[in-house]
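Take a look at the structure set out below.
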Amino acid sequence: MKVAKITNTEFTAMVQAAANKLNKNADFINSLNVFPVPDGDTGTNMSLSMASGYKYVNKDVSDNVGNLANALAKGLLMGARGNSGVILSQIFRGVSKSTEGKQTLSAQDLADAFVAGTETAYKSVMKPTEGTILTVVRMAAQAGKKTAATTNDVIAVMDAIYQNAERALKKTPDLLPVLKQVGVVDSGGQGLVFVLEAFDDVLNGRTEAQSDERQPNDAELNQLINAADQSVQSKLNPEDIIYGYCTQIMVRIGKGREVDRKFDYQTFYDYLAKLGDSLLVVNDEDIVKVHVHTEHPGKVLAWGQEFGDLATVKVDNMRLQQETIIENDEEAADSQAETPVTAATENKPVSDTAVISVSSGEGLNKLFKSLGVTYIVNGGQTMNPSTEDIVNAINQTHAKRAIILPNNKNIFLAAEQAAKVAEIETVIVHSKTISQGITAMLGFNPEDSLLDNQKAMEDNLPTVKSGQVTTAIRDTQINGFSIKKDQYMGIVDGKIVTIGDDLVTTATEMVKKMLDDDSEAITVIWGAGANKGLADQVEAAVSTMADDLEVEVHEGDQPVYPFLISVE
C-alpha cells in the first residue's frame, strides 16, 4: 500500500495512538531507570505530556494538519512533565514550525518535519548528551530524510523513521556507558520509539484508534496532584458542576466476599464511563485504581466490589469544595485592606516577589512555608509537575515577580518553559534536591530585587550536601556496588555511596561519608518508610560523629525516601 499524503484524519489518529501506547507502556518505560530506586518517572511524564498534546489536538476542529501540529505542540508544552516530557514537546515544536500552513503532509514534508524537530530539540538542551532521546530522534530523522529523497510514499518514510529509531535505541548503551553498566536502554528514547511506532501503525493500518472515552483528560493529567489545586483557579459556580463527587477507589482484584466477575479492563471501564467523566482506570495483575467524577459514588464502589475488595476509598464533594474556595477568596478580599494575608495560609505573597517551590509531603510543605515560600506545587520524585502546573501556580500568587525552586533536576526544563510563558518576570533557582531548596530559602530577602535574590539563593546551593536513603527495586550492579532488591541505599548528590540491610545503619553510614572538617549542621527529615523513633536513632548516632555538630529532626511525610539528610 502506498500513501501520498497525511490528512487531518490520519494525523489525529496518529497522536491518539501515541497517547494510548505511552499510557499502556508507562510502567515499562519507568522500569528503565538507571538507578534501581522506586522513583522512575520517565514513562509517566511522557505519557501525561502526550495525553495533554492529544487533548489539544482533539479539541481543534481544523482540517489543516499544520494547525493540528501547532495544537499538539502547544498541548505538549503546557502538559510537559520532566526533562523527557519537555524534550518531547520541543521535538514537536520543531515539527509544528516545519508544517505551519500545510493542509496535508507529503513524504518530503514528513521527513522535513522530523529534521526540524531534531534541530529544535537539540537547541533546547544546554549540553546535549548522546545516548539519549536526542540520539534516537536524530538518527530517525536522518533515515526519514534519506528515504524521502527516493520516494513520495509517506508510509515508506514513516517506516524508515520508526525502524531507525529502534536501531538507534539499541545503540544508546554504547553511547552512554552507565546504560551499558546497568543493562538498560535510554528510557526517554524508548518512549519516543513507542510514539513513532504508534504513528507507523496508524499509517500502515495496523491499529484502530480507540474511542475518545479512552483518552486522558484534564482530571487524568492532574490525578496525582493535590485535589485542591484542580479547582483553586476557577470561579465556577458550584451548581454548574455536572458531576459533583470526585470518587477514587483501589480494588484488590479477585479478593473479597462480593466478587462475582472476572476482571476485564474494557468491561470494567465501559460501565464507569457511563457514570460520569474525568475517568481514569489503571491496573496491573493485582490492583485496579479508579478516579472518576460522578453523581453516584455508591455505584462506583459497588461496581468495584464485583471484581474485588476495596483497599481504599476516597469521595470528595466538589460542590462543597468550590463553595469553600469561593467563600475563602471573598473573605480574603474583604479583609485584605485591614489584615495582611500570610503566605503560609493563603498561598499569596506578603511581598511583590513570590517563591514557588515544588514539594511532596505535608511536613515538607509546612517547612518550606515557614521559610517564606509563597506557593507549593505538589510534586517531585515519581510525579513531576507540568509546565502548566507551574504557570498556574505563578498566576495564583498574584505577585509582580516570581522565583521557582524546582528541587529536582528533572523539573528544570519544565520550570524554564514556565518562566518563558509566565505573564510576570520569573527566574529559576536551580535547586536539585529538597535540601538545596531549603538552603536556598535562607538566602531569600523579600525586600531585594529579583536578580539579587536569585544570585543569593543560587550561591547557597553549593554549601549543602544532599543525602537520600531509599530501597532498591531490583538487583543491579552499578558504581562498584552489587545491590540486591529491597536493600537500602544511601545516595549523596546523585551518587550511591553505601548499601545495607538496616535503615538506620545505612543512613548513619551515609552521613559519615558526607561529613568533612567544615561540617557544622545536619538536618534529618523522615518520611514514608521511617518514623520518629528511627529518626531519633539516626540523630543519636550522627551526633557523636564530630564535636559541635548541630542536628535537627523534622517530619517531612515525603514518599519514596525514608530519610532526606543534609549536611552543611
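The values are calculated or read from the model by the stated rules, or taken from the named source; none is laboratory data. Here the structure is a predicted model, which means the values were calculated and not measured. Positions of Cβ are generated from backbone atoms using ideal geometry, with glycine treated the same way; all protein chains shown enter the neighbour counts.
Name the one entry in 454, 468 that is within 23 Å of residue 184 (Cβ to Cβ), polar (S, T, N, Q) and modelled with pLDDT of 90 or more.
Exactly one of 454, 468 is within 23 Å of residue 184 (Cβ to Cβ), polar (S, T, N, Q) and modelled with pLDDT of 90 or more, namely 468.
Just one of (1) closer than 16 Å to residue 32 by Cβ; (2) surrounded by 20 or more Cβ atoms within 10 Å (Cβ to Cβ) trips up residue 166, so point out which.
(2)
Among the strands (runs of 3 or more DSSP E) contained in region 276-335, which hold 1 or more residues that are at pLDDT 70 or above, in contact with a Phe, Trp or Tyr (Cβ under 8 Å, 6 or more places away or on another chain) and over 30 Å from residue 28 (Cβ atoms)?
Those strands (runs of 3 or more DSSP E) span 287-294, 308-317.
Answer with yes or no whether residue 439 is among the polar types (S, T, N, Q), over 17 Å from the mean Cα position of the chain (by Cα) and not in a strand (DSSP E or B).
For residue 439, the condition - among the polar types (S, T, N, Q), over 17 Å from the mean Cα position of the chain (by Cα) and not in a strand (DSSP E or B) - is met.
Here are the criteria: (1) at pLDDT below 90; (2) touching a strand residue (DSSP E or B) at 6+ places or on another chain (Cβ under 9 Å). Tell me which single one residue 358 does not satisfy.
Going through the list (1) at pLDDT below 90; (2) touching a strand residue (DSSP E or B) at 6+ places or on another chain (Cβ under 9 Å), residue 358 breaks only (1).
I'm checking my understanding of the structure. Among residues of region 162-183 that are in a helix (DSSP H, G or I) and aliphatic (A, V, I, L, M), which one is nearest to residue 196 (Cα to Cα)?
165
Here are some conditions: (1) surrounded by fewer than 18 Cβ atoms within 10 Å (Cβ to Cβ); (2) of a type outside the set (Ser, Thr, Tyr); (3) assigned to a loop (DSSP other than H, G, I, E, B); (4) modelled with pLDDT under 65. Residue 256 meets all but one. Which one does it not meet?
(4)
Considering 72, 110, 77, which residue is buried (at least 24 other Cβ atoms within 10 Å of the Cβ) and in contact with a Ser or Thr (Cβ under 6 Å, 6 or more places away or on another chain)?
Exactly one residue qualifies, and that residue is 77.
Can you name the residue in region 399-422 that is under 24 Å from residue 123 (Cα atoms) and charged (D, E, K, R) and is also surrounded by the most Cβ atoms within 10 Å (Cβ to Cβ) among such residues?
The residue in question is 416.
Residue by residue through region 125-161, note down the ones that are in a helix (DSSP H, G or I) and in contact with a Gly (Cβ under 9 Å, 6 or more places away or on another chain).
133, 134, 135, 136, 137, 141, 157, 158, 160, 161
Right, residue 402: at pLDDT 90 or above, under 18 Å from the mean Cα position of the chain (by Cα) and not acidic (Asp, Glu) or not?
no
Quick check, is residue 520 charged (D, E, K, R) and in contact with a Ser or Thr (Cβ under 8 Å, 6 or more places away or on another chain)?
Considered against the rule, which asks whether it is charged (D, E, K, R) and in contact with a Ser or Thr (Cβ under 8 Å, 6 or more places away or on another chain), residue 520 comes out as no.
Would you pick out the residues in region 523-556 that are in contact with a Lys or Arg (Cβ under 9 Å, 6 or more places away or on another chain) and among the charged types (D, E, K, R)?
Of everything in region 523-556, just one residue is in contact with a Lys or Arg (Cβ under 9 Å, 6 or more places away or on another chain) and among the charged types (D, E, K, R), namely 555.
If residue 486 meets every condition in (1) modelled with pLDDT of 90 or more; (2) in contact with an Asp or Glu (Cβ under 9 Å, 6 or more places away or on another chain); (3) at positive phi apart from one, which number is that one?
Answer for residue 486: the failing condition is (1).
Quick test for you: out of 498, 471, 506, 433, pick the one residue that is under 18 Å from residue 556 (Cα atoms) and in the same structural domain as residue 535 (by TED's automatic domain parsing).
Only one candidate qualifies: 471.
Identify the residue in region 449-482 that is without any contact (Cβ under 8 Å) to a residue 12 or more places away in the chain and in a loop (DSSP other than H, G, I, E, B) and, among all such residues, is farthest from residue 566 (Cα to Cα).
Step by step, filter region 449-482, then rank; the result is 449.
What pairs can you find where one residue is in region 84-96 and under 15 Å from residue 418 (Cα atoms), the other is outside any helix (DSSP H, G or I), and their Cβ atoms are less than 6 Å apart, with a gap of 6+ or different chains?
Sorted first by the residue in region 84-96, then by its partner, the pairs are 86/80; 89/80.
Residue 83 passes all but one of (1) surrounded by fewer than 24 Cβ atoms within 10 Å (Cβ to Cβ); (2) over 30 Å from residue 472 (Cβ atoms); which number fails?
Among (1) surrounded by fewer than 24 Cβ atoms within 10 Å (Cβ to Cβ); (2) over 30 Å from residue 472 (Cβ atoms), residue 83 violates only (2).
Of the conditions (1) surrounded by fewer than 16 Cβ atoms within 10 Å (Cβ to Cβ); (2) under 26 Å from residue 83 (Cβ atoms), residue 117 clears all except one; give me its number.
(1)
Please go through region 483-500 and pick out each residue that is in a strand (DSSP E or B) and not hydroxyl-bearing (Ser, Thr, Tyr).
If the condition is that a residue be in a strand (DSSP E or B) and not hydroxyl-bearing (Ser, Thr, Tyr), then 483, 489, 490, 491, 492, 495, 496, 497, 499, 500 are the ones that fit.
For region 514-524, does any single residue satisfy the condition of being surrounded by 15 or more Cβ atoms within 10 Å (Cβ to Cβ), polar (S, T, N, Q) and either assigned by TED's automatic domain parsing to the domain that holds residue 550 or within 23 Å of the chain's Cα centre (by Cα) (or both)?
yes
Based on what the data block shows, is residue 399 touching a Pro at 6+ places or on another chain (Cβ under 9 Å) and either outside any loop (DSSP other than H, G, I, E, B) or not β-branched (Val, Ile, Thr) (or both)?
yes
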